[in-house]
Amino acid sequence: MVAVTLLAGCSPTSSNGGGSGDGPVTLTVQQQTNQENLFGFVAKEFKKKYPNVTVKLETVSQDQKNGSNLAVLGSSSPPDVGMIPINSEVYTQLTAANALVPLTDVWKTDSLQERYGDAVANSLLVKNVPYTATFTTVIYNVLWYNPDIFKKVGLAEPKDHRIQSVDELIADAKALRAAGYGPLQIGGSSGYHASWMVDALLPTSVSSDSMTNYLQSYDPSVGVTAKYTDPAFVNVLSTLERYRTSGVYQDGFLGQDAATAIAPFHRGKAGMAIGGNFDTAGFDQEKITFTPGWALFPSIDGGTPTQLSLYSGDAVGIPAKSDAIPWAKKFIAFLMSDDMQKRAIVDTAGLLPAVNTVSGDSLKDLPDLTQQLVAEVSKDGGQPGWTSTVPGGFGQQYIDPLLQKMYGGSLSPQRLAEQQQAHLEEFRKKGS
């Protein structure tokens, strides 16, 4: 965690033409590494619409975004639009210190609650107030499978992209192993694949109200109505442990990162692999010799049907000390317009839009598999992943090593749940 004193709570003065008039303005906007083409395009188009505004782009790395950028955003001279990773302590500390400008008016004017959909929108609120706008979506917890191998082994392809039960997934994995193929390839040492599996199962084991509480209760202002020691959460962990003991994961998975784990699937040596929409470009680059099929992971038996997991953590916000807040709001609204979501996010960056008002026809140049995943989310909805929503220090960074210990046999599901609950109580006391 970055130790920093955040400067907030004061109304910024406008020494930069910070009003929304026609005077010259320099607007400083952060962009993330590998998204320079996206923000470069938006900046150019914004300049066309508002000739008096010069957009100055500053690049931050992934590590900076989740760490040292906290000091920059909370300083007395911050950028006007900053990169705010939702599932990070950077975001938690900024909101706790009132160091971000509420975007309630932007959300209302641009109908972001409706355009995000309630599940995503509600996961972005802090005490019912929006402080950020997420500008792209990642779909993950896709179970890729090799149809050719399934046919050779005698396995039926998942009907309607659904594996019907935990028992069916276990049976498929055993059949693949018996035929000499790898089962479900996951990167146990990746730092995220193990905890992704929690994201897939948790919404199927609990009520929607409990799921919302799991996503929000790290905030001490939100009452705890769903505990991590509750049977529903323990059942998720027990099911994952059953996957391990039943041979669902490949041999040696705990010592493999994501790339190492997925490689046998690319080479046609494994029947299944975990992934997301970001894999589709790689399928082409790797020149794989089959067209992957896809399915959703099974729900906890008898539970709510599984939905694809959504990561909406790439977001922007306005530091409270910005001296051009009205223009910063205009920039965020411009970024979130359907026009920019289509031309910048989809056409320029090849990413998925964050809103549901970009027509399916606008995605026609994306890979067919990506379009299929988008269609699935449009049809049956998506669920913000637990590890993609709560701060990393509370969620993914904390639980993933514990899951690795559980898979290694040194930690029981019940004990893991107790440690996560204790961490919740400690996290709430600290307020971050």
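The alpha carbon centroids of the range 384-432 and the range 151-206 are separated by 23 Å. Taking the C-alpha atoms only, the angle from helix 368-380 to the longest principal axis of the chain is near 80 degrees.
Taking a ≥ b ≥ c as the square roots of the Cα gyration tensor eigenvalues, the range 171-219 comes out oblate, since a/c reaches at least 1.5 and a/b does not exceed b/c. In percent, what relative contact order does the range 241-384 have, based on Cα pairs under 8 Å that are 6 or more apart in sequence? Normalised by residue count, the contact order of the range 241-384 is 23 percent. Per-residue ellipticity at 222 nm, computed for the chain from helices alone with -39500 (n - 2.57) per DSSP H run of at least four residues, works out to -12000 deg cm²/dmol. Around the amide H of Leu100, modelled in the peptide plane, lie the amide H atoms of Ala320, all under 5 Å away and 5 or more residues distant in sequence or on another chain. The calculated FRET efficiency for the pair Asp361 and Asn122, based on their C-beta separation and a Förster distance of 30 Å, comes to about 0.55. The stretch between Lys174 and Gln62 holds 36.5 nm of extra length on full extension. This uses 0.36 nm per residue minus the Cα-Cα distance. Relative to one another, the C-alpha centroids of the range 90-137 and the range 259-291 are positioned 35 Å apart. Checking (1) 71, 48, 33; (2) 79, 52, 48; (3) 70, 60, 46 against the coordinates, the calculated Cα extents along the principal axes in Å falls under label (1). Close amide H contacts of Gly276 (hydrogens built in the peptide plane, cut-off under 5 Å, sequence separation of 5 or more or a different chain): Val142.
Placing pseudo-labels 7 Å out from each Cα toward the beta carbon at Ser221 and Gln164 gives an inter-label distance of 4.7 nm.
For the chain, with all protein chains in place and a probe radius of 1.4 Å, 49% of the accessible heavy-atom surface sits on carbon or sulfur. Surface analysis of the chain yields an accessible area of 40 Å² per residue, using protein heavy atoms and a 1.4 Å probe. For the chain, the longest principal axis of the alpha carbon atoms and the long axis of helix 36-49 meet at an angle near 40°.
Computed from Cα atoms alone, the Kirkwood hydrodynamic radius reported for the range 200-251 is 12.2 Å. Projected onto its three principal axes, the C-alpha set of the range 354-432 covers 48, 32, 19 Å, listed from the longest axis down.
Pairs of Cα atoms in the range 309-403 fall into 10 Å distance bins, from 0 up to the last occupied one, in shares of 13, 34, 31, 19, 2 percent. For the chain, the longest principal axis of the alpha carbon atoms and the long axis of helix 231-245 meet at an angle near 50°. Protection proxy ranking for 114-123, 282-291, using the average of other Cβ atoms within 10 Å per residue and placing the highest first: 114-123, 282-291. The calculated FRET efficiency for the pair Ser76 and Ala259, based on their C-beta separation and a Förster distance of 45 Å, comes to about 0.60. Using a cutoff of 8 angstrom between alpha carbon atoms and counting only pairs six or more residues apart, the relative contact order for the chain works out to 28 percent.
In summary, the convex hull built on the alpha carbon positions of the range 211-362 has an orientation-averaged projected area of 14.2 nm².
The values are calculated or read from the model by the stated rules, or taken from the named source; none is laboratory data. The model shown is predicted, which means the values in this text are computed figures rather than measured ones. Glycine gets a Cβ as well: all are built from the backbone with ideal geometry, and neighbour counts include every protein chain shown. Protein only, heavy atoms only, side chains kept; ligands, DNA and RNA dropped before computing areas. Shrake-Rupley method; radii C 1.70, N 1.55, O 1.52, S 1.80 Å.
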